[in-house]
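Q: To start, I am sharing the structure in question, which I have written as structure tokens.
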Amino acid sequence: MNRAYSTFEIKSVDQEQRLIEGVASTPELDQHGHIMEQAGAQFALPMPLLWQHKQDKPIGHVLEASVLPTGIRIKARIAKDVLPFIDEAWALIKAGLVRGLSIGWNPLEPPTAEKNGGLRFAKWEWLELSAVTIPANSAASILTVKQFDLAASGLNLPGVTGLPVVRARKDAPAMNTLQEQITNFVNTRAEKVAQRDTIQNKASAEGRTKDTAEKETFDTLMLEIKSIDAELADLRAMEASNVAAATPLTSVTTQTKAAEMRGGVQVSFKANVPKGTAFTRYIQALVVGKNSRSDAIRYAEQQQIWNDQTPEVLLALKAVTNPGTIAEPAWAAPLAVARPMVDEFLDLLRPETLLGKVPGLRNVPFNISIPVQTGGGTYGWVGETAPKPVGQLQFASITLGIAKAAGIIIISEELAKISNPSAEGVVRNDMIRGMAQYLDTAFIDPTKAAVTNVSPASITNAASGFGTAGTSGDNARTDIKKAITLLTAANYPISETVLIMSESNAFALSTALTTNGVRVNEGLTAKGGNILGVPVVTSQAAGGVVALVHAPSILFADDGGVNIDVSREATVELNTVPTSPPTAASVLVSLWQQNLIGLRAERFINWKVARTTAVVYTTATYI
């Protein structure tokens, strides 16, 4: 009897059941020079599960075996409370010390020789499976060992022979109603469809076939989706049977009333796609539709992957076409559909900017007068019968007017029409990073002065600057101590201050060591953290600026929306600093002539330092 080896992965563990899942054989060449064709295996279940190929050491049985292109996946049960060596074998398997599976087999046909010197067996008899310590098939090495209660994965066999058991939600509580079960399986199916499509789209975009790992994951997802479809068919059949036998209820016309009749359950699901995908696809449809709503709808309807993953895109496109006026209260309904996708873009933009990172900033409305106390009363010790000092509070007012940041992104029409996630990511990431970089620079650059009715000054523009002590870690501590001294002298509490610096400066300080080789700033990385409890926020836009900021003294206004306009016919000046107003020397480019598309993003935002003493900074490059 011959042997061939593979490795297994423990998918689920239960102290009572002792079930394991793994790969019994793969089509790869093993160290014995054998290639086993999966489709040629002939076997009967249940099959003996042995320990280290010892026929006198049986430890359980193979219960299920599924022949896949990437290998033969098995499910086996290890016996319990029979002999001590079985319990010892189980402990070694569960601990991950024994990771191999080996098949015992006999050829049913003579093998054929391969160019690489191996022998291919097209038909063979599978006699037994063993758990072994050293596998010969190095291409199937195990990567992870996971343990969890089998009860969380469902104990019942699937409704379709050979399909895996799929749980709607891991560790989910028992679902009592058919509707709850259907909803959760629909949600799970959408997630698995998204994962499957991501694998296929990546391989297609790179012009190649799926690799071994991708193929195995893809095949597993296909089986799980098929298993879910079979379960959904059973659940819906039961639901239809219950409906036929149910007593009709009074019809409802509102979502609230319907939710009440369902016991307050609001049914919804969302595919596992990157944040901002729905918003990007919405804009993409408008681009391809050349701002024609009907053409955009037709394009969206043709994208099957969109309908599976982001159905709200098509709903938004159709909803926005509904007529509405101020006199009609229903006009807000279609707008509410598109709004979450705009917020999706904001959720990505804000954390990338300093305004989104700095904690404690004070958010205020546009064009509202805000009183700011600039002076306090007079207080002192007073003797018996002596007059008390009389002081006077001093106030000033600040108003944040409307200001906007804007940018135009130019992409090719070919790129816009590509509907795979990589193209969507190009558009999304460019919009996020471009706007983020501009806002960060405008927020922190000391040379950025205010332009009346156009843009705010940076928070460091009118702040107190001081010379750096040098470039070393010790010099950096001296700089930070001086900044803290300046702010505390102006009565700002250290607990409300934030350090802003570049990622490169933060990284340099994070690597500073004592003479004993101990990190000086253990809580700091290039992405931020803290220095002795003072929060550190990083952005490469800071350059050499190292600023200490009293966050509550920074006022900012933000309307919470991003306006996106799309044009193919515009003529633009492709310049980061366009001439204003355009002159005869301005070089303009026709988007229509060049097959280009312009996306213009505008965000209304403004900020101001309430007290000029609330920010101090130095300019340094630490090494």
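Values in this text are rule-based calculations from the coordinates and carry no lab data. Worth saying up front: this structure is predicted, and the values here are computed from it rather than measured. A quick note on method: Cβ atoms are made from the backbone with ideal geometry, for glycine too, and the neighbour counts reach across all protein chains shown.
Q: Efficiency by 1/(1 + (r/R0)^6): what FRET value for Ala386 and Arg362, r their Cβ-Cβ distance, R0 = 35 Å, to the nearest 0.05?
A: Working from the Cβ atoms, E equals 0.30.
Q: I would also like to ask the following. With labels modelled as points extended 7 Å from the Cα through the Cβ direction, what inter-label distance (nm, one decimal) is found for Val454 paired with Lys481?
A: 4.4
Q: What residues of the range 23-62 lie in the reach of a label at Asn106, counting those whose backbone N is under 15 Å from a point 7 Å from the Cα along Cα→Cβ?
A: Only 42-44 fall inside the zone, counting backbone N under 15 Å.
Q: May I ask you to list the GluC sites (Glu not before Pro) in the range 484-546 that are in a DSSP loop and have at most 15 other Cβ atoms within 10 Å of their Cβ?
A: Glu522
Q: If you don't mind, another one. Taking the Cβ of Ala469 as the center, what net charge do the other residues with Cβ under 9 Å away carry, scoring Lys and Arg +1 and Asp and Glu -1?
A: After counting each charged neighbour, the total is 0.
Q: Which part of the range 35-67 falls in the paramagnetic zone of Glu88, meaning amide N under 15 Å from the point 7 Å along Cα-to-beta-carbon?
A: Hits in the range 35-67 for Glu88 at 15 Å: 51-54, 56-59.
Q: Take Glu191 and Met238, extend 7 Å from each Cα along the Cα→Cβ direction, and tell me the distance between the two endpoints in nm.
A: Roughly 2.1 nm, to one decimal.
Q: What FRET efficiency comes out for the pair Glu496/Asn429, r = Cβ-Cβ distance, R0 = 51 Å, nearest 0.05?
A: 0.90
Q: Here is a further query. At 7 Å along Cα-to-Cβ for each site, give me the label-to-label distance between Glu21 and Ala585 in nm.
A: Between Glu21 and Ala585, the simple spin-label model gives 6.9 nm.
Q: Could you bin all the Cα-Cα distances of the range 489-606 into 5 Å bins starting at 0 and give me the percent of pairs in each, rounded to whole numbers?
A: That works out to 2, 9, 12, 11, 12, 11, 10, 10, 9, 7, 5, 2, 1, 0, in percent per bin.
Q: To continue, here is another question. Could you please report the charge total around Pro46, scoring K, R as +1 and D, E as -1 over all other residues with beta-carbon less than 10 angstrom from its beta-carbon?
A: 0
Q: Distance check, please: which entries in Lys94/Lys192; Lys226/Lys290; Lys226/Lys318; Lys54/Lys80; Lys57/Lys215 exceed 30 angstrom between their Cα atoms?
A: Beyond 30 Å: Lys226/Lys290; Lys226/Lys318; Lys57/Lys215.
Q: How much length, in nm to one decimal, is gained on full extension between Arg298 and Asn201, taken as 0.36 nm per residue of separation minus their Cα-Cα distance?
A: 32.7 nm
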